[in-house]
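Undergrad: Can you keep this structure in mind? I'll have questions shortly.
The values are calculated or read from the model by the stated rules, or taken from the named source; none is laboratory data. Please read these numbers as outputs of a predicted model, since none were measured by experiment. Using ideal geometry, Cβ is built from the backbone for each residue, glycine included, and neighbour counts are taken over all protein chains shown.
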Amino acid sequence: MGINTIVQLNTAALSLTAGAASQVSVEGINPKDIVVNEIWREPAVVVAELIRDQKISAHEVTTQALQRIDNINGRINAIVDYKPELALAAADAIDRRIAKDEDVGALGGVPVTIKVIIDQEGFATTNGVRLQRNAIATHDSPAVTNLRNAGAVLLGRTNTPAFSYRWFTNNSLHGATLNPHNAALTPGGRRAEQRTARLQANYRPQLREGRQLP
């Protein structure tokens, strides 16, 4: 992970059973207000519960998220690498497990984005640097492993300042992430690309990994 220190996700929290997670109270959200064909607007706990209850499939949730990327990302450049076939395969695996009444984890079927500073098997850990464009990770970081174990669907890789050491998101490899409200203004650094993805037309990955610089 180079100079970046990953905040390891709490394994105990992510290993909540589906039964325990289903008891989480979602205050302020009326089920009647949920628009299934715009499920990407909903928070992670709502999406996870709907998938567990088979009111919507993980495949449908992932497909909608991928469609939002196709429709929006070209204008903002928040997500710089993704493989739809892998995300859909992971979602289908979740749906098969649910059909067998298996525990899919607290985040079962929930789309998650991973920054390019974090090792994800089969993807380049570029850190936003040209010299690392071919630095393909051979294994997942502990944070990514925990997300997979909790049932999350890894949707795509998000941009970052080079080594995450800037207050704006731009680098020589992936280019700039734009502010969706005003392209002349920076959306900020570090988590900018994730904020940008959420702001543009209200698109947001339901969750993202956590990390902190030293």
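Undergrad: Quick check on the stretch 177-192. Is at least one of its residues closer than 29 Å to residue 88 by Cα, touching a Gly at 6+ places or on another chain (Cβ under 8 Å) and either surrounded by fewer than 17 Cβ atoms within 10 Å (Cβ to Cβ) or modelled with pLDDT under 80 (or both)?
TA: no
Undergrad: Just to verify a result, which residue in the stretch 93-139, among those that are among the acidic types (Asp, Glu) and touching a helix residue (DSSP H, G or I) at 6+ places or on another chain (Cβ under 6 Å), is surrounded by the fewest Cβ atoms within 10 Å (Cβ to Cβ)?
TA: 103
Undergrad: Return a yes/no flag: does the stretch 33-47 have any residue that is loosely packed, with under 13 Cβ neighbours inside 10 Å and either in a loop (DSSP other than H, G, I, E, B) or modelled with pLDDT of 90 or more (or both).
TA: Yes; the residues of the stretch 33-47 include at least one that is loosely packed, with under 13 Cβ neighbours inside 10 Å and either in a loop (DSSP other than H, G, I, E, B) or modelled with pLDDT of 90 or more (or both).
Undergrad: A follow-up question, please. Hey, among 111, 161, which residue is closer than 27 Å to residue 41 by Cβ and in contact with a Phe, Trp or Tyr (Cβ under 9 Å, 6 or more places away or on another chain)?
TA: 111
Undergrad: Need the failing condition index for residue 56 against (1) within 27 Å of residue 173 (Cα to Cα); (2) crowded, with 16+ Cβ neighbours inside 10 Å, just the number.
TA: It fails just one condition, (1).
Undergrad: Which one of these does residue 81 not meet: (1) over 17 Å from residue 159 (Cβ atoms); (2) touching a residue at least 60 places away in the same chain (Cβ under 8 Å); (3) acidic (Asp, Glu)?
TA: Just one mismatch for residue 81, condition (1).
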